[in-house]
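*Asks:* Encoded as structure tokens, here's the structure I'll be asking about.
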Amino acid sequence: MTQFVLAVVLGLLFALGTFLVLRKDLVRVVWGLTIMSQTANVYLVTMGGLTGGVPIISGHGGQGTEVTDPLVQALVLTAIVIGFGTTAFALGLSYRVYQTNETIDLTEVRG
Amino acid sequence: MQPTAGIILAVVALPFLGAAAVPLLYRVIGERTAYFAAAVAAACFALIATQFGAEGAISVRWIPALDVSLSLYVDGLALLIGFLASGVGVLIFTYSGGYMHNEPGKPRYYATLLAFMGAMLGIAFAADLIALFVFWELTSVASFILIGHYRDESGQYAARKSMFVTVSGGLFMLIGFLLLHWVALDVASVESAFRLAGEGSMLASADAMQTALREQGLLVPVLLLIGIGAAAKSAQVPLHIWLPDAMEAPTPVSAFLHSATMVKAGVYLVGRMRPLLVTDEWVLLFALLGLVTMTITAMLAVTASDIKELLAYSTASHLGLIVAGYGIASSADAHIGLLGAETGAFHVLNHALFKATLFLVAGIIAHEAGTRAIEELGGLSDDLPLTAGITVVAALGMAGVPPFNGFYSKEFLFDATYELAAHDGGLWWLLPVVAVFGSIFTFLYSIRFLMLFFGEKPEELGHVHEPPWSMRGPPLLLAVGAGIVGLGGITATAGFHLPIEEFVGRIVESSLPAGEEAHFSYHIPTTLSPPVLMSGVTVAVGAVAYPFYDGIRDGLRAVRDLGPLRPNWYYNGATALMDTNEIGPQIHNGLLRTYALWFLGGTSALALAGYVAATVSIPTFSGLTVTIPLGIVLVVAIIGAAAVTGAPSHVAGVLTLSILGFMVAIFYILADAPDLALTQLVIETLVLVIFLLVIDKLPAFYGGSKRWMLVRDGAASLAVGTTVMVTVLLSTARTPGVPSYLDHSLKSFFIERAPPPPEHGSFIIDSGGGHNIVNVILVDFRAFDTLGEISVVAMAALSIVTLIAMQQRGEI
């Protein structure tokens, strides 16, 4: 079933994200975070069931064909934008780390 | 008279608003922020003054749907603490304007001090146990920041210690509050089980509460728990150890937090809870605790070698006196309880007046003479005549010499202990004895402090300059206040009563059982009564012993330095493990990977343990069929992600990362989510641009890792990935249940409600007005999500501006 394949794919993506977060190159850490948040978004959409049509209804009232879960889509839409905010912030922070420490090797910028 | 809701709310809110304005204001007006803060305090003081004589609760509906309201209470005791916090606040801020000149971190200092003042006013006026607790802990946090102001090692130790002691004390108190709440739920006359004061509150039905507490066997636990909270805050033995260390803070902070206000929170709680909990157990606990503290810390004050240390121990000692006063009561004779409450209430006022004065004097000495060591100081009156005059009034008040203010409240204590002993006999006779014994040491160290100004001036001291008026004015005003209270006793003897008596009477009534009235009056004794005799003994023995001060001090020091007798010995022993540099760096090694590993590994372990505990089984799926487009998208996504991991350069990594991003967008199209796909495409493009912009400025660092590290990280990543896989399998196989407030699932709720219903036009309240359900959810049903999302982006933008632009200007 689709769900099973998706579960394996999401697991793999998350593992790759984790692996990147554990690197000492700060840019790679940011990549890892990006992959993780993408994975989480796909996961949420998957939870909606992936059945039914586009959640756009024509006409009045809730009749017509069965549509897919609109709530998860609304949540993910917010999550995508927030993920963008955090990625941008992480990049700004990386730049600042480089300015202050003149390196982005995390083993050298211990707090 | 009923209090005015708006005014009391403004009093609590103003300092916080002021604190929020300080960082910006400091950029404009610089050091004059001190006078802005003083103005805020003065405004609070004026607002509180308009409520003088008011009594009662006000309640502001906060979240009506959940029956949550913010309730505040005004009475004599609340007004006293309010006046102290704002009035002493005005003087402290003014004084800081002179004292903090040339000191670091002023915006933080003023903002924290203002926030502290707000929290203290909150404690004073809170009518609700939860609000009281929140404000209570806020003062601990403010104190932590202010003690650690100079950020040196000893300051950090002191800040940690005070935080540790007062916050954990607060947690004990919280448990006590929760027990009270639990008992109050069963008391019919208590309408709101968290309400402490006002109509339908615990205090309003104190007798019923007390009976219920006793029946459930919770009276003693509640007493002890609240006692621990109060003792930690008010530095009672053996929890007094944080107060002398807290003197690391700038002197105005010591005068404000650690003598006049914050440490009064504990005694305030005792005074406030008194009508509710006063029983024989109460007397035993608090009368003993107070008197023991008063005596031991007075002896410790004699051993002090630093003027602020002397004042710190002395503060603990006087707080002990107040606690002892509030502690004394008798179920048989209401007069004894009245005397006890009078001691506590009057000494809160007197102590704030003379001790804040003395701290400010200590600040002047340290600032102008450049030393705080008692041995190195003497004969300062020639150079600082005004300060010497101020000190005479304050120190003699502290010593309890008539007709200065401290004398009267000490008389009340002597009277209360004597009456209790005379009434109950037996071991209670120890109380007056201990009270006199402790007071002798109080007399000794007070005179020692006073003698800094007299006698011979050490050669090396040189000429000591007078401080600016901003530093002389505040202690002068406080000393005049103390002097007026002292004069009040003389005029009362002559038959003319000052309004202070009326005011103190109101404070006393706050701590008396409901319905009892206090006709408070104090005067110079004209007949020889037992308490007068006790005062006489104190002063006489003190005067005789003073010439042997150095010998007494050395003897006490020898006892003090015996390790196992010192609470600090236990504290340092218990915290040594955490404080040393052995364990900390192991856990906090400063490497991001360590934190990430613990976080991800911990979350995975918890999730898996949860599945095991709930004995869920992985659902079976037959076949691995995927539509061809989806299969292609997923395979490309994984290849993209793998390529990111192995990318040879930053640019290559960013480009492959966007392959993954665009694949996700296509996945959204396939999953019937056109809005997501559009958003993802836009965002992905933006992210790519930003990545390229930033990477251009960063070095082409490419960290090669050792093989064993790759293997280890790979294993950890696989474990995390497996957990994710299991979670996805488990959660997608289930459908959410129907919420109890709906008759169908959330999904069908939105599908039905999103479009405009046929019977209404295109605009209604309980439905949306669009055909794209996702859009309707975002703008109609869950508009706050959208607001939050915009806020996050705004915050990210602001943070980046702060991080980068401010650094380029050299500001942080």
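*Asks:* In debye, nearest 20, what is the charge dipole magnitude of chain B about its Cα centre with +1 on Lys and Arg Cβ and -1 on Asp and Glu Cβ, if you could check? Can you show the working numbers first?
*Replies:* Details: 36 positive and 58 negative charges, 379 e Å.
Dipole magnitude for chain B comes out near 1820 debye.
*Asks:* Can you give me the pair-distance distribution of the protein assembly as shown, C-alpha pairs, 10 Å bins, whole percents?
*Replies:* Calculated P(r), rounded to whole percents: 2, 10, 17, 18, 16, 14, 11, 8, 4, 1, 0.
*Asks:* Just add up the charged neighbours of residue B:566: K/R +1, D/E -1, any other residue whose Cβ is under 14 Å from the Cβ of residue B:566. Intermediate results must be reported in sequence, preceding the final value.
*Replies:* On the way: positive: B:161, B:557, B:560; negative: B:245, B:561.
Taking every Cβ under 14 Å from that of residue B:566, the sum is +1.
*Asks:* Could you tell me the center-to-center distance, by alpha carbons, between region B:1-58 and region B:270-307 in angstrom?
*Replies:* Cα centres, region B:1-58 to region B:270-307: 32 Å.
*Asks:* Tell me, what HN-Hα J-couplings in whole Hz come from the Karplus equation 6.51 cos²θ - 1.76 cosθ + 1.60 at θ = phi - 60° for each residue of region B:804-809, using x for Gly and Pro?
*Replies:* Per-residue couplings from phi come out as 9, 5, 5, 5, 5, 8 Hz.
*Asks:* Give the lysines whose C-alpha is closer than 23 Å to that of residue A:24, dropping any in the same chain fewer than 8 places away, or say none.
*Replies:* List returned: B:697, B:706.
*Asks:* Given A:107, B:295, B:155, which one lies farthest toward the positive end of the charge dipole of the protein assembly as shown, if we put +1 on the Cβ of every Lys and Arg and -1 on the Cβ of every Asp and Glu?
*Replies:* Of the options given, the answer is A:107.
*Asks:* How long is the gain from residue B:333 to residue B:31 if the chain were fully straight, where each residue apart is worth 0.36 nm and the alpha carbon distance is subtracted? It would help to have the intermediate numbers written out before the result.
*Replies:* Working: separation 302, 0.36 × 302 = 108.72 nm, distance 5.58 nm.
Answer, rounded to one decimal: 103.1 nm.
*Asks:* Give, rounded to the nearest 20 debye, the magnitude of the charge dipole that chain A has about its Cα centre when Lys and Arg contribute +1 at Cβ and Asp and Glu contribute -1 at Cβ. The partial results should precede the final answer.
*Replies:* Values: 5 positive and 6 negative charges, 43 e Å.
With Lys and Arg at +1 and Asp and Glu at -1, about 200 debye.
*Asks:* How much length would be gained if the chain were fully extended between residue B:711 and residue B:216, taking 0.36 nm per residue of separation minus their Cα-Cα distance, in nm to one decimal? Write out the running numbers ahead of the final one.
*Replies:* Working: separation 495, 0.36 × 495 = 178.20 nm, distance 6.03 nm.
Length difference between fully extended and current span is 172.2 nm.
*Asks:* Could you state the angle between the C-alpha long axis of helix A:2-21 and the longest principal axis of the C-alpha atoms of chain A, as a value from 0 to 90 degrees rounded to the nearest 10?
*Replies:* The angle comes out at about 20 degrees.
*Asks:* Something else: Can you give me the convex hull volume of the Cα atoms of region B:592-732, divided per residue and expressed in Å³?
*Replies:* Numbers: hull volume 21.3 nm³, N = 141.
Value for region B:592-732: 151 Å³ per residue.
*Asks:* For the pair residue B:545/residue B:752, report the inter-label distance in nm, with labels modelled 7 Å from Cα in the Cβ direction.
*Replies:* That separation, rounded to one decimal, is 8.3 nm.
*Asks:* Further question on the same structure: Could you go through region B:679-688 in sequence order and give the Karplus-derived ³J(HN,Hα) for each residue, using 6.51 cos²θ - 1.76 cosθ + 1.60 with θ = phi - 60°, rounded to whole Hz, and x for Gly and Pro?
*Replies:* Karplus-based 3J(HN,Hα) across region B:679-688 equals 4, 4, 5, 5, 5, 4, 4, 4, 4, 4 Hz.
*Asks:* Something else now. What net charge is computed for the residues neighbouring residue B:256, neighbours being all others with C-beta under 12 Å from the C-beta of residue B:256, Lys and Arg scored +1, Asp and Glu -1?
*Replies:* +2
*Asks:* As I understand it, the dipole of region B:592-732 uses +1 on the Cβ of Lys and Arg and -1 on the Cβ of Asp and Glu, about the Cα centre. Which of B:609, B:659, B:690 lies farthest toward its positive end?
*Replies:* Result: B:609, furthest along the dipole toward the positive end.
*Asks:* Over all directions, the average projected area of the alpha-carbon convex hull for region B:278-567 comes to how many nm²? Numbers along the way, then the final one.
*Replies:* On the way: hull surface 63.9 nm².
The number I arrive at for region B:278-567 is 16.0 nm².
*Asks:* Shifting gears a bit: Quick one: B:709, A:36, B:398, B:806, fewest Cβ neighbours within 10 Å first, how do they rank? Don't skip to the answer; put the middle values down first.
*Replies:* Values: B:709 14, A:36 21, B:398 31, B:806 11.
In order of increasing Cβ crowding within 10 Å: B:806, B:709, A:36, B:398.
*Asks:* Let me ask you something else. Quote the FRET efficiency, to the nearest 0.05, computed for residue B:617 versus residue B:588 with a Förster distance R0 of 45 Å and r equal to the Cβ-Cβ distance.
*Replies:* Values: r = 40 Å, r/R0 = 0.88.
For R0 = 45 Å, the calculated efficiency reads 0.70.
*Asks:* Between residue B:556 and residue B:771, with labels modelled 7 Å along Cα→Cβ, what's the label distance in nm to one decimal, could you check?
*Replies:* 8.8
*Asks:* In degrees from 0 to 90, rounded to the nearest 10, what is the angle of the helix B:307-327 Cα long axis to the longest principal axis of chain B?
*Replies:* 80
*Asks:* To continue, here is another question. Order of B:520-528, B:135-143, B:373-381 by packing, highest average Cβ count within 10 Å first?
*Replies:* Numbers: B:520-528: 14.9, B:135-143: 22.1, B:373-381: 17.0.
Those peptides, ordered most packed to least, come out B:135-143, B:373-381, B:520-528.
*Asks:* On to the next question. What ³J(HN,Hα) values, in whole Hz, does the Karplus curve 6.51 cos²θ - 1.76 cosθ + 1.60 give for region B:385-398 when θ = phi - 60°, with x put for Gly and Pro?
*Replies:* x, 5, 4, 4, x, 4, 5, 4, 4, 6, 5, 5, x, 5
*Asks:* According to a simple spin-label model (label point 7 Å from Cα along Cα-to-Cβ), what is the distance in nm between residue A:51 and residue B:487?
*Replies:* In this crude label model, residue B:487 to residue A:51 measures out at 8.9 nm.
*Asks:* Further question on the same structure: Specify which residue in the list B:637, B:33, B:799 is farthest towards the positive end of the charge dipole of chain B, using unit charges on the beta carbon of Lys, Arg (+1) and Asp, Glu (-1), about the Cα centre.
*Replies:* B:637
*Asks:* Another one. At a temperature of 20 °C and a viscosity of 1.002 mPa s, determine how fast chain A diffuses translationally according to Stokes-Einstein, using the Kirkwood radius over alpha-carbon pairs as Rh; express D in µm²/s, rounded to the nearest whole number. Could the numbers behind the result be given before it?
*Replies:* Numbers: Rh = 16.4 Å.
The calculation lands on 130 µm²/s.
*Asks:* Turning to a different aspect of this structure: Can you tell me the Rg and the Dmax, both Å, for the Cα atoms in region B:473-535?
*Replies:* 14.2, 42
*Asks:* Quick one: Debye curve from the alpha-carbon atoms of chain B only, equal weights, vacuum; give me log10 I(q)/I(0) at q = 0.09 Å⁻¹ to two decimals.
*Replies:* Each listed q maps to, in turn, -0.96.
*Asks:* At a Förster distance of 56 Å, what's the computed FRET efficiency of residue B:168 paired with residue B:635, Cβ-Cβ distance as r, to 0.05? Display every interim value, and only then the final one.
*Replies:* Working: r = 56 Å, r/R0 = 1.00.
Efficiency at R0 = 56 Å is approximately 0.50.
*Asks:* Another question, if that's okay. Kindly state, to the nearest 0.05, the FRET efficiency for residue A:108 paired with residue B:780, given R0 = 51 Å and r defined as their beta-carbon distance. Write down the numbers at each step before the final one.
*Replies:* Values: r = 51 Å, r/R0 = 0.99.
Between residue A:108 and residue B:780 the formula returns 0.50.
*Asks:* Continuing with the same structure: Starting from one equal scatterer on each C-alpha and no solvent at all, send me the Debye-based log10 I(q)/I(0) for region B:512-579 at q = 0.13, 0.24, 0.27, 0.28 Å⁻¹, two decimals.
*Replies:* -0.77, -1.06, -1.12, -1.13
*Asks:* Where the only charges are on Cβ atoms (+1 Lys, Arg; -1 Asp, Glu), what is the dipole of the protein assembly as shown about its Cα centre, to the nearest 20 debye?
*Replies:* Values: 41 positive and 64 negative charges, 440 e Å.
Computed about the Cα centre, the dipole is about 2120 debye.
*Asks:* Now for a separate question. By counting other Cβ atoms within 10 Å of each Cβ, how are B:738, B:361, B:720 ranked from fewest to most? Don't skip to the end; give the middle numbers.
*Replies:* Numbers: B:738 13, B:361 30, B:720 25.
By the 10 Å Cβ count, ascending: B:738, B:720, B:361.
*Asks:* In the structure displayed, which of B:161/B:264; B:161/B:308; B:308/B:457; B:233/B:457; B:264/B:457 lie more than 27 Å apart, Cα to Cα?
*Replies:* B:233/B:457; B:264/B:457
*Asks:* Nearest 10 degrees is fine. How inclined is helix B:334-369 to the longest principal axis of chain B, computing both from alpha carbons?
*Replies:* 80
*Asks:* Search the structure for amide H atoms under 5 Å from the amide H of residue B:201, placed 1.01 Å from N in the peptide plane, and list their residues when 5 or more places away or on another chain.
*Replies:* When sequence neighbours closer than 5 places are left aside, the close amide H contacts are B:191.
*Asks:* Next question, about the same structure. With n ≥ 4 as the cut-off for DSSP H runs, can you work out [θ] at 222 nm for chain B, using -39500 (n - 2.57) per run divided by the number of residues, rounded to the nearest 500? Could you put the intermediate results ahead of the total?
*Replies:* On the way: 32 runs with 533 residues, N = 812.
Only helices count here, giving -22000 deg cm²/dmol.
*Asks:* In which sequence would B:457, B:410, B:161, B:697 go, from the one with the fewest C-beta neighbours within 10 Å to the one with the most? It would help to have the intermediate numbers written out before the result.
*Replies:* Working: B:457 18, B:410 32, B:161 24, B:697 11.
Starting with the residue having the fewest Cβ neighbours, the order is B:697, B:457, B:161, B:410.
Here, each number is a calculation from the coordinates, and none is a lab measurement. Note that the coordinates shown come from a computational prediction; the quantities given were computed from them, not determined experimentally. Virtual Cβ from ideal backbone geometry, glycine too; neighbours counted across all protein chains shown.
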